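The values are calculated or read from the model by the stated rules, or taken from the named source; none is laboratory data. Quick caveat, the model's predicted, so the values are computed rather than measured. Neighbour counts run over all protein chains shown; Cβ positions are idealised from the backbone, glycine included. SASA here: full protein model, heavy atoms, side chains in, ligands and nucleic acids out. Shrake-Rupley method; radii C 1.70, N 1.55, O 1.52, S 1.80 Å.
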Amino acid sequence: MIDLGKKSVLGIEVNAIDYEAAVARVIDSAKRQQPMSVTALAVHGVMTGVQDKTHRYRLNRFDLVCPDGQPVRWALNSLHGLSLPDRVYGPELTLRLCAAASKEDVSIFLFGATEEMLKQFADNLTEKFDGLRIAGIRASRFRQISPEERDDLVDEIRSSGAQMCFVGLGCPRQEIFAYEMRDRLGMPLIAVGAAFAFHAGMLDQAPRWMQDRGLEWFYRLTKEPGRLWRRYVLLNPAYLSLLAMQKLGLRRESGLEESKPTDDLLFG
């Protein structure tokens, strides 16, 4: 089990952790009904914090930030002299958490995506993991919600009896949701993004050989070029350039300006 604490990648504090330790921490918090904010960041997720000092503040207050993408794992190893053998990929973390939840009798809630996707996701999970208890599902409204709607959502999730909640709103909305709702819901909130679509069978994952070589971004770009080209064509080179500057000591990573959010954005 590897859990070496948080390390800076371009000013974003990412946990040097493996699957086993991440699952253990989340399941422990779920059983204790302790609030916990969890996400798995690839290059795009890291860059959302690099480019926005308010979002950087949110991400750096998360309890657990997993290195989702191979380039993020490589950065941790190169910058901090580590030897992490694998990333902690959000969709795989989702399955491992569900497997542990079924064994430990921890009930889950699924929030985000569409009604159709959620139902298929839930069906696939219960078929795969015997005994998994899904306490409830709630599709996204795909907009900002009112404080009253937020409170109703909190009541729905808490009254369901769920002990942890998977959040699939897309980056960075799901991280904003997990940050804002952490203490209101009082349970682990795991922002896992495309895991919903992947495990519902509505979006293909890249072949394993592409994942291992850090090419998943290219596979996804070929599937959704109109939506994703800006994310990958612009952000990937920027990420690599900034990493080189950090490695050479030309970029200051400690004490970067952060701005605490003054208002909740209420994505739902």
Margin query: If each DSSP helix of 4+ residues adds -39,500 (n - 2.57) and the sum is divided by the residues in the chain, what number results at 222 nm, nearest 500 deg cm²/dmol?
Written below: -15500 deg cm²/dmol
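Which value, in Å², gives the accessible area per residue of segment 28-184 when a 1.4 Å probe is used on the protein heavy atoms? Spell out each step's value before the answer.
On the way: 6420 Å² over 157 residues.
Here the residues of segment 28-184 average 41 Å² of exposed surface.
Hey, can you rank 178-189, 94-105 by average C-beta count inside 10 Å, highest first?
178-189, 94-105
Based on Cβ point charges of +1 for Lys and Arg and -1 for Asp and Glu, what charge dipole magnitude is obtained for segment 84-154 about its Cα centre, in debye rounded to the nearest 20?
On the way: 10 positive and 13 negative charges, 34 e Å.
It comes to approximately 160 debye.
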Next item on the list: Please build a GNM for the chain, connecting alpha carbons under 10 Å apart, and tell me which residue among E156, E115, E148 fluctuates the most.
Entry: E148
Checklist line | Relative contact order (percent, whole number), the chain, Cα cutoff 8 Å, 6+ residue spacing | finding: 25
Next item on the list: Give the long-range amide H neighbours of S37: residues separated by 5 or more places, or on another chain, with amide H under 5 Å away, using H modelled in the peptide plane at 1.01 Å from N.
Entry: D63, L64, L189
Item checked: Separation of alpha-carbon centers, segment 133-188 and segment 195-268, rounded to whole Å -> 23
Item checked: Prolate/oblate/rounded label for segment 105-171 (Cα gyration tensor, a/c 1.5) -> oblate
Item checked: Bins of 5 Å from zero: percent of alpha-carbon pairs in the chain -> 1, 6, 13, 18, 20, 18, 13, 8, 3, 1, 0
Next item on the list: Go through Y57, V43, A113 and say which Cα lies farthest out towards the positive end of the charge dipole of segment 1-118; charges sit on Cβ, +1 for Lys and Arg, -1 for Asp and Glu.
Entry: Y57
Notebook entry, point to check: Hey, got the dipole for segment 92-230? About the Cα centre, +1 on K and R Cβ, -1 on D and E Cβ, debye to the nearest 20?
Noted result: 480
Notebook entry, point to check: In nm, to one decimal, how far is the L215 label point from the R252 one, both placed 7 Å along Cα→Cβ?
Noted result: 4.1
Note to self: Of M210, L266, S254, which is farthest towards the positive pole of segment 187-268's charge dipole, taken about the Cα centre with +1 and -1 on the beta-carbons of Lys, Arg and Asp, Glu respectively?
What the structure shows: M210
Notebook entry, point to check: Just how large is the dipole of the chain about the Cα centre, in debye to the nearest 20, putting +1 at every Lys and Arg Cβ and -1 at every Asp and Glu Cβ?
Noted result: 800
Check: Looking at the chain, what % of its DSSP beta bridges pair antiparallel, to the nearest 5?
Finding: 25
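Quantify, in whole percent, the carbon and sulfur part of the accessible surface of the chain (1.4 Å probe; protein heavy atoms only). Don't skip to the answer; put the middle values down first.
Details: 5840 of 12040 Å².
Answer for the chain: carbon and sulfur cover 49 percent of the accessible area.
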Next item on the list: Just give me a number: lysine pairs in segment 1-137, eight or more positions apart or cross-chain, with C-alpha atoms less than 20 Å apart.
Entry: 5
Checklist line | For segment 191-268, convex hull of alpha carbons as volume per residue, Å³ | finding: 162
Next item on the list: Report the one residue of M181, F198, S159 whose Cα lies farthest in the direction of the positive end of the charge dipole of segment 115-229 (charges on C-beta: Lys and Arg +1, Asp and Glu -1; origin at the Cα centre).
Entry: F198
Note to self: Mean Kyte-Doolittle hydropathy of -1.0 or higher plus an axial Cα length of 27 Å or more: which whole DSSP H helices in the chain meet both?
What the structure shows: 225-247
